[in-house]
Amino acid sequence: MPSNRMFTRTGIRPLAMRLLAYVLMFSLMISLVATGIQMIGEFDRRKADLQETQKRAAGLVSGAMSNNIWLMNFSEVANSLDDMRTVDAIDYASVTTSSGEQFTTGIHPEGRVISQTFPLIFSRDSFNGPKEMGSLTITSSVEQVYSELRNGALINLLFQSIVVMLGTLGLVIIVRLTLSRHLESMADYAARLNLDALVEPLRLKRKPPRTPDELSELEHALNKMRLQILEDTRSLRQTTIQSQGERDEAIRANRAKNQFLANVSHELRTPLQSVLGYANLLTDTPLDQEQSEYVHTLLKASEGLSAIINDLLDISSMEAEKLVLEDIPFDLRETLNDLVHMLGDRAREKGLALELRIDEELPWALRGDPVRIRQVLLNLVSNAIKFTDSGHVLISIEVLGRRDEKVRLRLAVEDTGIGINPEDIPLVYEPYVQLGQRFQRQFPGAGLGLTICRQLVSLMQGSLDLESQPGEGSTFWVELTLPAVPDSASRLRPDTRLVKGKRILVADSYELSRKITLEMLSRHEVHIEAVKSAGEALTSLRLAFDSQEPFDAIILDGFLPNMDSDLLCRQIRGNPLWADMRLLILSSNPQRGDAEHFRQAGADAFLSKSLRESCLTPILNQLFEDATKDERCFLTRFSLQSSNDTEKRRELTSRRMKVLLVEDNPVNRTLTRRLLEKLGCDVMTANDGEAASSLWQWHPFDLIFMDCVMPRVDGFEATRRLREWEKSHKRARVPVVALTASAMEEDEERCRQAGMDSFVAKPVNIEMLRSVLEQYAHGAPAKAPV
């Protein structure tokens, strides 16, 4: 502000200016109070003087007036009143006799006045006592008194203000010389403090006082603080230099770690592909039971090793903040069905019921990253199966609410396993940690699963929590908010028209399984009855038939406590009264050959409980459709495959795609060629990029599988040469799929920059190759089957 700059130029700093203002205001306030008190006292004195003057004047004329009134000499009374006007203080006077006559002199003043009334007493010795003859009233104006006091107060106040101003300026000068300039010196010293200025101590420009005062103490404290700051600054500089060195070392270590992971990934995936690939090929060859068990163990061990490698790469990508989530439409039901397919065998091996419960309010299409959501659920369900020896593992999806086209979901995994001790719960998300020493050797794994889950859920703006009781089981749940895709982008719901209005009997001894089945059926307006045993089922069937309300279908658990389910099937089928009723078997632990066993026992359909959410209603609808046609066809989940899927698979197998495989490892080259040939491809191979370039110039290919790391010319350089050759010779672009054992994020980006179209991390299997071929099959010319 301009006023601040002016005071600064004159040497008056803000503190001194504020002090000047405070002292001035305080002094003026004192002056005003003192002047007011003085005016009140002066007014009281002047008022008392007026009253005393009126009293003396009345005393002088009251005797004569009383006598003249007695003598009725009224002219003398008037003269006496006129004589009172000679007194300056008296402006108006009046006499009122006892007989009512009134005499006045002067003019009654305007404004504020002082009036006094005095009695007129006539006293003679001949009378018994004094006699009141009338009264005298004297009035004086006080306006002049007020005017004189006001003028005097203004002059007095002006004089006092001048004195206060001079005193305040003197005080400011004193404060400036003795205090504020030294404070300014201290402030300037503190403002220009640095490592060089800290070397010189603070010295105030004044004579040292005889006895230390406040400024001396402040100067000493600042110098002491200066020494401490100097020491801390030197220590901080040394720490900073050391931290920079440690940071650089950490960066180098992190780069070395990433390079180590990439190298380990490459070196492990290359032989791992051979193990997995040839193990899968062995499963298609004639094997006895012992050999099949060996191959099965080999596959499981290889898949476990592959999962650990993937976990290490995922945790490394998330630590480097290089993991990017997709945002695509997907059906969460299909994701859960894939999950059940993947883990169903593992649950059956341990005799566990893998149950699935889905909220009917779940939208048919959401937006998000289905692969990462499946990865989170896969880790949670795998852990649940791993730590559960008996009972069930329940996957449940609940819609918590919808707002602004967004759905709040709760994805929970509940098990009846060993549980977690309360003191161990904070440790479950720590990487490389497995809870309890007694479990570390019993259950394999790197201890990264839950760490990856929590970081993935955090990337999706969600939360991961758990509840657990030792010996009772655990429940992990994830809460996510995902956008819902409009209905126009959603897939068609399965046809359930024939299910409505039907009467269905459910026989299941396991309470949770029975409850889930009833929940699913209750969505379709059916009449349901539930029993727990074979005996209750037979009783319900008889009662329903007797009441002329027979059941249209019965859903049997694959295991009932008091009678084998196949015997119950035969008993039901042996009764001609129930011939029209359809019989569906739901098995919690289906084994190979169970479907055929129940078909021979008289069942009409067979389904795993884990596939109940996706297949139960469609199978019932198909059973009732067959009943309307008076047909009986044994149904399983494979019966629900659409003709479009069959035609698509048939179309792929009818195309003889010409494929170039570029792989330097002879074992993996032979394995991948065998897998591609098994999928119906014509395959040519090359052991490096140089050999591959000579092949594509002379042979047309529909697809090229390119290894990235090879001697002489690697896959990146070979792909760049291919793209340049296509451009110079005006050839159609041939899709190139990277086959690499390095699965880091930067490796995928490097592949795309080189001109490759897809990225497949080793170890590859026949299903992965099938998916790639399906993606590019439309570009291959169709040939007649041989």
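Taken over segment 366-382, the residue count meeting the criterion of being of a type in the set (K, R), open to solvent by 60 Å² or more (accessible area, probe 1.4 Å) and closer than 18 Å to L339 by Cα is 1. Within the set L521, L538, the sole residue that is assigned to a helix (DSSP H, G or I), open to solvent by less than 10 Å² (accessible area, probe 1.4 Å) and hydrophobic (A, V, I, L, M, F, W, C) turns out to be L521.
Taking each residue of segment 44-61 that is charged (D, E, K, R) and looking for partners that are open to solvent by less than 30 Å² (accessible area, probe 1.4 Å) with beta-carbon atoms closer than 9 Å, six or more apart or interchain, yields R46/V142; R46/V145; R46/L149; K47/I114; K47/V142; K47/V145; D49/A89; K55/I138. Go through the residues of segment 66-74 one by one and say whether even a single one is out of contact with any helix residue (DSSP H, G or I) (no Cβ under 8 Å at 6 or more places or on another chain), crowded, with 16+ Cβ neighbours inside 10 Å and in a helix (DSSP H, G or I). So far as segment 66-74 goes, yes, one or more of its residues are out of contact with any helix residue (DSSP H, G or I) (no Cβ under 8 Å at 6 or more places or on another chain), crowded, with 16+ Cβ neighbours inside 10 Å and in a helix (DSSP H, G or I).
Scanning segment 342-370 for residues that are over 25 Å from the mean Cα position of the chain (by Cα), in a helix (DSSP H, G or I) and in contact (Cβ under 8 Å) with a residue 24 or more places away in the chain yields a count of 6.
Taking the conditions exactly as written (touching a strand residue (DSSP E or B) at 6+ places or on another chain (Cβ under 6 Å) and small (G, A, S)), does A579 satisfy them or not?
Taking the combined requirement at face value, the residue does not satisfy it.
Yes or no: segment 304-317 includes at least one residue that is modelled with pLDDT under 80, surrounded by fewer than 18 Cβ atoms within 10 Å (Cβ to Cβ), within 25 Å of the chain's Cα centre (by Cα) and not in a loop (DSSP other than H, G, I, E, B). Looking through segment 304-317, none of the residues is modelled with pLDDT under 80, surrounded by fewer than 18 Cβ atoms within 10 Å (Cβ to Cβ), within 25 Å of the chain's Cα centre (by Cα) and not in a loop (DSSP other than H, G, I, E, B).
Kindly check whether there is at least one residue in segment 383-397 that is open to solvent by less than 10 Å² (accessible area, probe 1.4 Å), within 15 Å of D331 (Cβ to Cβ) and part of a strand (DSSP E or B).
yes
The residues of segment 505-518 that are surrounded by fewer than 20 Cβ atoms within 10 Å (Cβ to Cβ), assigned to a helix (DSSP H, G or I) and touching a strand residue (DSSP E or B) at 6+ places or on another chain (Cβ under 9 Å), listed by number, are L512, R514, K515, L518. Looking at segment 679-696, is at least one residue closer than 21 Å to V667 by Cα and under 43 Å from the mean Cα position of the chain (by Cα)? Within segment 679-696, not a single residue is closer than 21 Å to V667 by Cα and under 43 Å from the mean Cα position of the chain (by Cα).
A search for C-beta distances below 6 Å between a residue of segment 758-776 that is farther than 17 Å from D338 by Cα and any residue that is open to solvent by less than 40 Å² (accessible area, probe 1.4 Å) and in a strand (DSSP E or B), counting only pairs 6+ apart in sequence or on different chains, returns S758/V737; F759/A738; V760/V737; V760/L739; V772/V737; Y776/L703. In the set (1) within 30 Å of E148 (Cα to Cα); (2) without any contact (Cβ under 8 Å) to a residue 40 or more places away in the chain; (3) not in a loop (DSSP other than H, G, I, E, B), E110 fails one condition alone, (3). From the set of residues in segment 560-586 that are loosely packed, with under 15 Cβ neighbours inside 10 Å and in contact (Cβ under 8 Å) with a residue 40 or more places away in the chain, which is farthest from the chain's Cα centre (by Cα)? That would be D580.
Checking each residue in segment 594-638 for being over 19 Å from R503 (Cβ atoms), in a helix (DSSP H, G or I) and open to solvent by 60 Å² or more (accessible area, probe 1.4 Å) picks out E596, H597, R599, Q600, R637, F638. Of everything in segment 690-712, what is in contact with a Lys or Arg (Cβ under 8 Å, 6 or more places away or on another chain), open to solvent by less than 20 Å² (accessible area, probe 1.4 Å) and more than 19 Å from E748 (Cβ to Cβ)? Give them in sequence order. Selection gives S693 alone.
On the stretch given as segment 28-65, residues that are farther than 15 Å from I138 by Cβ, among the polar types (S, T, N, Q) and open to solvent by less than 90 Å² (accessible area, probe 1.4 Å) total 2. For segment 541-550, a residue qualifies if it is exposed (fewer than 15 other Cβ atoms within 10 Å of the Cβ) and farther than 14 Å from Q571 by Cβ, and the qualifying residues are L543, D546, S547, Q548, E549. Filtered by the rule that a residue be of a type outside the set (K, R) and free of Cβ contacts under 8 Å to residues at least 40 places away in the same chain, segment 654-683 gives P666, T670, E677, G680, D682, V683.
Scanning segment 280-298 turns up at least one residue that is open to solvent by 70 Å² or more (accessible area, probe 1.4 Å), in contact with a Lys or Arg (Cβ under 9 Å, 6 or more places away or on another chain) and modelled with pLDDT of 70 or more.
Residues are listed down the side, and each one gets a yes or a no for (1) at pLDDT 80 or above; (2) crowded, with 16+ Cβ neighbours inside 10 Å:
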position	(1), (2)
T104	yes, no
E110	yes, no
G129	no, no
T137	yes, yes
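Here T86 clears all of (1) surrounded by 15 or more Cβ atoms within 10 Å (Cβ to Cβ); (2) outside any helix (DSSP H, G or I); (3) without any contact (Cβ under 8 Å) to a residue 24 or more places away in the chain except the condition numbered (1).
Of the candidates R247, R346, the single residue that is open to solvent by 30 Å² or more (accessible area, probe 1.4 Å), among the basic types (K, R), under 23 Å from L378 (Cα atoms) and modelled with pLDDT of 75 or more is R346.
The values are calculated or read from the model by the stated rules, or taken from the named source; none is laboratory data. Not measured: the values here are computed from a predicted model. Cβ sites come from the backbone with ideal geometry, for glycine too, and all protein chains shown count toward neighbours. Accessible surface areas use protein heavy atoms only, side chains included; no ligands, DNA or RNA. Shrake-Rupley method; radii C 1.70, N 1.55, O 1.52, S 1.80 Å.
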